[in-house]
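The structure appears right after this line, and notes come after that.
The values are calculated or read from the model by the stated rules, or taken from the named source; none is laboratory data. From a predicted model like this one, the values you see are computed outputs, not experimental measurements. Because the Cβ atoms are built from the backbone with ideal geometry, glycine has one as well, and the counts that use them run over all protein chains shown.
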Amino acid sequence: MSEELDEIQAIFFEECAEGLAVAEQGLSAMAMGDVSKEVIAGVFRAVHSIKGGSGAFGHAELLAFSHCFENVLDEVRGGKIPATSEVTKVMLTAFDILTDHVAAAQGTASPPADQAALAALQELLESKGAAAPVTIAAAEPVAPVAEDQFGFTPVVAIVEEFDPFGFEPVGVTLDELDGAAAMPWTVRFGPSRAALANGAEPLLSIREVERLGGTVVAVDSSALPPLRDLDPNESYLVWTLSVPAAIEESAITECFDFVAPDSVVEITRGVAPQQPVPVAPPTLTLIEKVATAPVARAPAPAPESRPMDPVQQTIRIDLTKLDMLLNLVGELVIRGSILSDRLSPADQERVELPELARLTREIQDNVMSLRAQPIRQTFSRVPRMLRDLTSETGKQVILEVSGETTEVDKGVIEKIGDPLTHMIRNAVDHGIESVEERLAAGKSPVGLITLSAEQKGARIFVRVSDDGKGIDRPRVRAKAVEKGIISADAILSDEEIDQLICAPGFSTADTISSISGRGVGMDVVRSNVEALGGRVDISSNPGAGTTFTMILPLTLAILDGMIVRLSGQRFVLPLANVIETVRPEPGQVRPMTPTTEVIELRGQYLPVKRLTDLFGFHADTRRTPEESLVVIVESEAAGNVGLMVDTIDDRREVVIKSLDQNLHPIRGLGGATILGDGSIALILDIDALVSSAGQLLQKFPLKGLAA
């Protein structure tokens, strides 16, 4: 029984993580000015769900804090507390404490100190979010008021407020206020199509209201069509209930917390019209009630006026099961490669190997789509982080985001959170100048950080750009010499100097702060990205800004590759980068300098790189251009470039195996794969090879590594 309870509690914590993500996104939207009912309701439902689960599993501290937080959100949702920037700031702080409480309930952190946050929330509840509460005091009546039978003069409430237009304050007797408050609540409730599609039972909400003392006084069935036109997925009835005046509005609202947001839920003061209730006895089911209710022969609403959202059915799956399925698909791909190598073309047709390859590809695509998630969930943390950083540094920064719908493998998304955090912190602390410095440089006082993601072939490009002062290369070089990272007489290009900021222990901060100064930021970025089979590119323009680009694999599992040979060894070129292949004619490849060559292709000249030279293979195996093939590839770093290879063996789907567990990451290699004959081939990183830094491979020859 305890194991079953642990499994249920694990599901609760998964739902907590999802709820916190929704709440953070909603609060961030509110901080940016979006205080729509849908956004506020989304945050409220997320916190309400966390509160409900915490009570069920006995997490008392989480329950107490989430309950107080929920009360404030309920008042904001009902319009009793305005969603001002000050109110949103308090709720953002409360969200941080709530996140810590969830972690404490999981046992991954100690309980947070929440006294200050609770006091701030309680203050909002008492003051209703006002800067200063409106005072109500006894005053002289503005008109003669008769004494009651006991000889007491009714007290008149006057709002002590200066009126610039000279109007007299309005006097309201407490008897009149009592009379207004004594009016019962009228509730109109009509579930939407989406509510029924999600499995909601309207009668459960109605019974919750009845437990508060409410009664059903009318049911509007005018929208019911003839029985032959009845859509069982549609909702046609609207109930009207009367609730005693003494009941708090928040208690009534809670009865409809889990009703779809597009349902009709109206709560007003006033006496509901007493009409006969045209419903069957309570013992009948909802369908029976619909069938037996008196029908007004009104025409059915037009189809286009009804929401027709498709029903989405989901199931929660442990990620390890998806990983296992993906590994099995990879093994299936390897077995297909083995069969392709061992069978003749005629035998392949006989056993329908091409059809097997097609089915395998479809399975692979579907498994990858299960793991693919929009990068939005990682980007959603940035606005909140940016607000904290600007508050701490005193700088003014705005954020522009694009490409947040780009889908990436979940394994990649989970591991780019820390690198992205360090890049944003670096941009604010080191990139964006202070207001005074920006004004002196003729810039806008408000800095700009741009966060974007896009897919190109089998790679995802995540960029963080700022319009700050750029990298101070002389200072970076001096710091690197001071820390012993490079020698004083080292000759480095601008790109190599920029890469020094990713060296372990490097920092240009003069003092250690909560933002920077410890020399671990950009080092974490590079090591984490390289562990994913990606790389970090840095481009900077002094005085204009800096751009950090994380180039990541779209998937960590399988890619389409071209098998090429270099000095008898096989390598894999990602097919997504390949444009065409050319067999050079005499004179088509020409030397430009002793170390560079170009190929003339349809009136244009493209640079050519000999991979055998980059990898340091023996010169005695060097072929002439006419004996080789030139593969034209597209790169982010240098545009279209020709890569000279000896031969092309095949086109094949390959399973990517990471190198970081056994070898230090080598620029230019994106992993390895197992071929059909059991041998290993290295996968080439095109962008790293064709960039100017690709020449660094000459310092690390790979002779015999792929043999």
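Just a few scattered comments:
- Among residues of the stretch 243-263 being closer than 21 Å to GLU38 by Cα, at pLDDT below 85 and among the aliphatic types (A, V, I, L, M), the one that is surrounded by the most Cβ atoms within 10 Å (Cβ to Cβ) is VAL259.
Conditions tested, residue by residue: (1) touching a Ser or Thr at 6+ places or on another chain (Cβ under 6 Å); (2) within 19 Å of LEU118 (Cα to Cα); (3) of a type in the set (Asp, Glu).
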site	(1), (2), (3)
GLU14	no, no, yes
GLY19	yes, no, no
VAL22	no, no, no
LEU27	no, yes, no
VAL35	no, no, no
GLU38	no, no, yes
ARG45	no, no, no
ALA56	no, no, no
ASN71	no, yes, no
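- Selected residue (only one of GLU636, GLU626 is at pLDDT 80 or above and of a type in the set (Asp, Glu)): GLU626
- Counted residues, the stretch 565-624 - those being assigned to a strand (DSSP E or B) and either touching a Leu at 6+ places or on another chain (Cβ under 9 Å) or within 30 Å of ILE674 (Cα to Cα) (or both): 19
- Of all residues in the stretch 182-235 being among the charged types (D, E, K, R) and part of a helix (DSSP H, G or I), the one that is nearest to ALA260 (Cα to Cα): ARG193
- Here THR240 qualifies as closer than 30 Å to GLU75 by Cβ, surrounded by 18 or more Cβ atoms within 10 Å (Cβ to Cβ), modelled with pLDDT of 85 or more and out of contact with any helix residue (DSSP H, G or I) (no Cβ under 6 Å at 6 or more places or on another chain).
- Listed by position, the strands (runs of 3 or more DSSP E) enclosed by the stretch 369-476 that each have at least 3 residues that are within 27 Å of PHE95 (Cα to Cα) are 397-402, 447-456.
- Filtered residues of the stretch 319-352 (kept if closer than 20 Å to ALA672 by Cα and of a type in the set (S, T, N, Q)): ASN327, SER337, SER340
- Qualifying residue in the stretch 105-118 (condition: surrounded by 15 or more Cβ atoms within 10 Å (Cβ to Cβ), at pLDDT below 85, not in a loop (DSSP other than H, G, I, E, B) and not assigned by TED's automatic domain parsing to the domain that holds VAL264): no
- Given (1) at pLDDT 80 or above; (2) crowded, with 19+ Cβ neighbours inside 10 Å; (3) outside the structural domain of ILE680 (by TED's automatic domain parsing); (4) not aliphatic (A, V, I, L, M), number of the condition THR612 does not satisfy: (3)
- The stretch 562-607, subset touching a residue at least 24 places away in the same chain (Cβ under 8 Å) and either at positive phi or not assigned by TED's automatic domain parsing to the domain that holds LEU675 (or both), residue surrounded by the most Cβ atoms within 10 Å (Cβ to Cβ): SER567
- Top-ranked residue of the stretch 516-546 - restricted to ones that are part of a loop (DSSP other than H, G, I, E, B) and surrounded by fewer than 17 Cβ atoms within 10 Å (Cβ to Cβ), ranked as modelled with the lowest pLDDT: ARG518
- Residues that are out of contact with any Cys (no Cβ under 9 Å at 6 or more places or on another chain) and under 21 Å from ALA113 (Cβ atoms) within the stretch 73-97 comprise LYS89, VAL90, MET91, LEU92, THR93, PHE95, ASP96, ILE97, listed in sequence order.
- The listed residue being surrounded by fewer than 17 Cβ atoms within 10 Å (Cβ to Cβ), over 13 Å from the mean Cα position of the chain (by Cα) and over 19 Å from ASN528 (Cα atoms), out of ARG438, ARG361, ARG371: ARG361
- Qualifying residue in the stretch 342-354 (condition: outside the structural domain of ILE674 (by TED's automatic domain parsing), loosely packed, with under 12 Cβ neighbours inside 10 Å, under 30 Å from LYS415 (Cα atoms) and modelled with pLDDT of 80 or more): no
- Considering the conditions (1) surrounded by 20 or more Cβ atoms within 10 Å (Cβ to Cβ); (2) free of Cβ contacts under 8 Å to residues at least 40 places away in the same chain; (3) within 17 Å of GLU123 (Cβ to Cβ); (4) not aromatic (Phe, Trp, Tyr), SER66 is excluded by exactly one of them, (3).
- Members of the stretch 547-565 found to be within 20 Å of THR612 (Cα to Cα) and modelled with pLDDT under 85, listed by number: GLY561
- Filter result for the condition that a residue is in contact with a strand residue (DSSP E or B) (Cβ under 6 Å, 6 or more places away or on another chain), more than 26 Å from ASP318 (Cβ to Cβ) and of a type in the set (D, E, K, R), over GLU355, GLU400, GLU349: GLU400
- Residue selected from the stretch 645-682 under the condition of a type in the set (Ser, Thr, Tyr) and modelled with pLDDT of 75 or more, by the criterion surrounded by the most Cβ atoms within 10 Å (Cβ to Cβ): THR673
- Sole residue being within 32 Å of the chain's Cα centre (by Cα), buried (at least 23 other Cβ atoms within 10 Å of the Cβ) and over 18 Å from PRO383 (Cα atoms), chosen from VAL462, VAL412, VAL428: VAL412
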